[in-house]
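Participant: To start, I am sharing the structure in question, which I have written as structure tokens.
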Amino acid sequence: MRSRRFASRDRRELHREPLVSPFPELGLVAADGPNDPAPELVVEDGVVARMDGRVASEFDVIDRFVVAHGLDLEAAAEAMALDDGELARMLVDVDVPRAELVRLARGLTPAKLARVIGLLDPVELMLALKKLRARRAPSNQAHVTNLKESPALLAADAAEAARRGFAEIETTVGVARYAPLNAIALLVGSQTGRPGVMTQCAVEERRNLELAIRGLVTYAETLSVYGTEPVFVDGDDTPWSKAFLGAAYASRGVKVRFTSGTGSEALMGYAQGLSMLYLEARCLVVVRAAGSQGVQNGSISCVALVLSVPGGTRAILGENVLAAWLDLEVASGNDAIASHSEIRKTAKLMGQFLPGTDFVTSGYSVMPRGDNTFGGGNFDADDLDEWLTVQRDWQVDAGIEPVAEDEVVRVRERAARAVQAVFEELGLPPVGDDEVAAATTGYDSSEMPDRDRAADVEAADDLLARGVSGLDVALALDRRGFDEVAEAVLSMQRQRVSADYLQTAAVIDADGLVHSAVNDPNLYTGPGTGYRLEGERWQLLQSLPQVVAPAELVGGVPAGEPVVTERDEAAGKGDDPAEVVVAVGPAFADAIRQTIADLDHRDVLAAVCDGVRAGGATPRLVRIRRTADVAFIAHDGARLSGSGVALGIQSKGTAVIHRADLEPLDNLELFGMSPLYSLESYRAMGRNAAGYALGHRVGPVPTELDNYARAKLIVKTTLLHAREIQAVLPGAEPVELELAVPVASSQA
């Protein structure tokens, strides 16, 4: 026989993915693998003779590249001599400056780097990442794609992403020949949303470089490196060829970062029995040696494989820390789907979200997941409000800004119109008004009109043959009256000439100013230093569209006909043994007129009294003015009741059936789920109160449970109770009440 609870958990989303025990022989071990080499560096006559367990004659292509270009032998003599634990403590010691740690990292071998990172626990890794991030302020990158390669939708999504604060936007293609059209749509859309946003089209490297030279994209991150020689060989590459390609981009003023990430070697079958973190250390040393300003790492497309082994999430955070320690810009993954479990995905995200990285995702899917041709986004358009709320919860800047719906609609429509104009000016297949309308307010590409895809790809080929460039796009926009977008596109061409954004961790603000590790470095040295979310930026990130002023949740003091009338004299002790006092709070049917479930107090009182009468007893209405606590409201009522039984009701609807001989915090029945109560619920409470008063056998009123009621309504509960407390008159005597006769009824 099986436990039904275990069976229920088996159906949870988490169980759709396998968790495996370590298998080092295949590289399925996150860190500290049994076959990882011990850190070692032997230098003879200024030449590296041994490194990490290998003599020079046994060096593979990665070792040779690292020795030739990636080790500072002057720093190595000092750095390699330091104890692993001492280096680990330096990483989290706020009194050790980042610059000193970066200097030492240049002299450390991959095995030493991995060994030191392996000593840090997750909280220490986050502290190290906060300290080691290159640029002062975190930022974010967006993914913009769609299944139909619709230019209007690409432009609209890019504009929304830019308006939401993304500093970089990346697209790709389902059909390779679409690349120039998608690049143009992204360029136009991004600059419509916010000038200065950088864009790329992730395609084959030769085509990517061609688009960059033409000024249709401004950055690239498709240069993959690996931790074992066989994987490089499998892709017809070497560290030298990757370094050459990176230099080709940079020489044309195009920002580039390499791509690596734990798990890729195991996925490709060439892990050589080494741990994921050690192999990633080799990758990152290669990236630095190749002269790149940064790296996209964080397991990326292999993330689900890494999360299948123990310590996988920790290893991914460790590789991000390693990259920052090596003075590289870090675009820290969180892009590919990591898990079916929402809890697990968010838990993984927090390692980068809380300390901040140069790009917290690389990137965030600003469209619904089904349109993400990168393979699905870890977080997508439907998760934006949650992301923004978590930023607000933690007072953390993770690179996305709240924007009102009308502003999003405006900027999406403007971008779709702009790309429509560019396509017409450049003689490309037209973008129809129906496409613009659907891109402005639609959900995904399923709502977009179909295009003639054969005509599109032929036009893309012709566009390349004509030599169309970013300048042509700017001129087309200018001719059609999109002056501000044209100027922004032209500004991106100027940026490529000046090439200031080639500096480490560079982003461009709306005024065209480049912020990088050079002019805006991270100078975290402990509490109160470095980047702190405060001032205008904090005001912006906490002002979500769904945020309301507290007073709006409960409204003002209600106007209209009175619900009850109060007698002048204080309420006295009743002498009717069949009497049930219905005791209400000080604001009931006065300053507050409805329960938290939006039931009118008049209707609630009528239902309770009907229930008391149906149970054979007589109701009497009393207002308790000295307290707002429902237990004491009910107990005070019971002491006044001829039967010694009362039903107490707070204004928000919480109720208690009490008896005079019980302690105030004891009771007969407590009804705490006020959001779930209907008028029939209150009638049942009245009937039960009557039953207790008459000495009948009484079964408790059936109750329901909503485990999310507190999360949904605790703010409104607090505000209603605060208003109830404002009506309290300390020491005031209770007063008799009567239901007021509605004006319409009295006139009738």
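The values are calculated or read from the model by the stated rules, or taken from the named source; none is laboratory data. Fair warning: this is a prediction, and the values are worked out from it, not measured in the lab. Cβ sites come from the backbone with ideal geometry, for glycine too, and all protein chains shown count toward neighbours.
Participant: Return yes when Gly432 is within 23 Å of Val507 (Cα to Cα) and in the same structural domain as Ala156 (by TED's automatic domain parsing) and no when it is not.
Facilitator: Against the criterion (within 23 Å of Val507 (Cα to Cα) and in the same structural domain as Ala156 (by TED's automatic domain parsing)), Gly432 does not qualify.
Participant: A further question follows. In the set Ala465, Ala454, Ala474, which member is at pLDDT 95 or above and under 24 Å from Asn372 (Cα atoms)?
Facilitator: The match here is Ala454.
Participant: Checking the conditions here, which among Gly528, Gly512 is assigned by TED's automatic domain parsing to the domain that holds Val256 and without any contact (Cβ under 8 Å) to a residue 12 or more places away in the chain?
Facilitator: Of the residues listed, the single one that is assigned by TED's automatic domain parsing to the domain that holds Val256 and without any contact (Cβ under 8 Å) to a residue 12 or more places away in the chain is Gly528.
Participant: Is it the case that the stretch 155-175 has a residue that's in contact with a strand residue (DSSP E or B) (Cβ under 6 Å, 6 or more places away or on another chain), surrounded by fewer than 24 Cβ atoms within 10 Å (Cβ to Cβ) and either free of Cβ contacts under 8 Å to residues at least 12 places away in the same chain or not in a helix (DSSP H, G or I) (or both)?
Facilitator: Checked against the condition, which is being in contact with a strand residue (DSSP E or B) (Cβ under 6 Å, 6 or more places away or on another chain), surrounded by fewer than 24 Cβ atoms within 10 Å (Cβ to Cβ) and either free of Cβ contacts under 8 Å to residues at least 12 places away in the same chain or not in a helix (DSSP H, G or I) (or both), the stretch 155-175 yields at least one hit.
Participant: Here's another thing I want to ask about it. Does the stretch 619-641 contain any residue that is over 28 Å from Leu553 (Cα atoms), surrounded by 20 or more Cβ atoms within 10 Å (Cβ to Cβ), in contact with a Ser or Thr (Cβ under 8 Å, 6 or more places away or on another chain) and assigned by TED's automatic domain parsing to the domain that holds Val563?
Facilitator: Yes: one or more hits.
Participant: Follow-up question, since we're still on this one. If we scan the stretch 676-691, do we find a residue that is assigned to a helix (DSSP H, G or I), among the aliphatic types (A, V, I, L, M) and at pLDDT below 90?
Facilitator: There is no residue in the stretch 676-691 that is assigned to a helix (DSSP H, G or I), among the aliphatic types (A, V, I, L, M) and at pLDDT below 90.
Participant: From the residues in the stretch 497-524 that are among the polar types (S, T, N, Q) and surrounded by 14 or more Cβ atoms within 10 Å (Cβ to Cβ), which one is farthest from the chain's Cα centre (by Cα)?
Facilitator: The selected residue is Gln503.
Participant: Whether any residue in the stretch 177-196 is of a type in the set (A, V, I, L, M) and either assigned to a loop (DSSP other than H, G, I, E, B) or in contact with a Phe, Trp or Tyr (Cβ under 6 Å, 6 or more places away or on another chain) (or both) is what I want to check.
Facilitator: Looking only at the stretch 177-196, we keep the residues that are of a type in the set (A, V, I, L, M), and these are 179, 181, 183-188.
When the remaining residues are screened for being either assigned to a loop (DSSP other than H, G, I, E, B) or in contact with a Phe, Trp or Tyr (Cβ under 6 Å, 6 or more places away or on another chain) (or both), the result is none.
Scanning the stretch 177-196 turns up no residue that is of a type in the set (A, V, I, L, M) and either assigned to a loop (DSSP other than H, G, I, E, B) or in contact with a Phe, Trp or Tyr (Cβ under 6 Å, 6 or more places away or on another chain) (or both).
Participant: Of all residues in the stretch 692-714 being under 23 Å from Asp603 (Cα atoms) and in contact with a Pro (Cβ under 7 Å, 6 or more places away or on another chain), which is modelled with the highest pLDDT?
Facilitator: Leu713
Participant: Considering only the stretch 332-344, state which residues are of a type outside the set (A, V, I, L, M) and under 20 Å from Glu170 (Cβ atoms).
Facilitator: The answer is Ser332, Gly333, Asn334, Asp335.
Participant: Take the residues of the stretch 464-484 that are part of a loop (DSSP other than H, G, I, E, B) and of a type outside the set (A, V, I, L, M): which is surrounded by the most Cβ atoms within 10 Å (Cβ to Cβ)?
Facilitator: Looking only at the stretch 464-484, we keep the residues that are part of a loop (DSSP other than H, G, I, E, B), and these are 467-469, 480-482.
Checking the rest, the ones that are also of a type outside the set (A, V, I, L, M) come to 467, 469, 480-482.
Working: Gly467: 8, Ser469: 15, Arg480: 17, Gly481: 11, Phe482: 24.
Restricting to residues being part of a loop (DSSP other than H, G, I, E, B) and of a type outside the set (A, V, I, L, M), the top hit is Phe482.
Participant: Next question. For the stretch 254-279, which residues satisfy the criterion of being under 30 Å from Met492 (Cβ atoms) and hydroxyl-bearing (Ser, Thr, Tyr)?
Facilitator: Hits for the stretch 254-279 are Thr259, Ser260.
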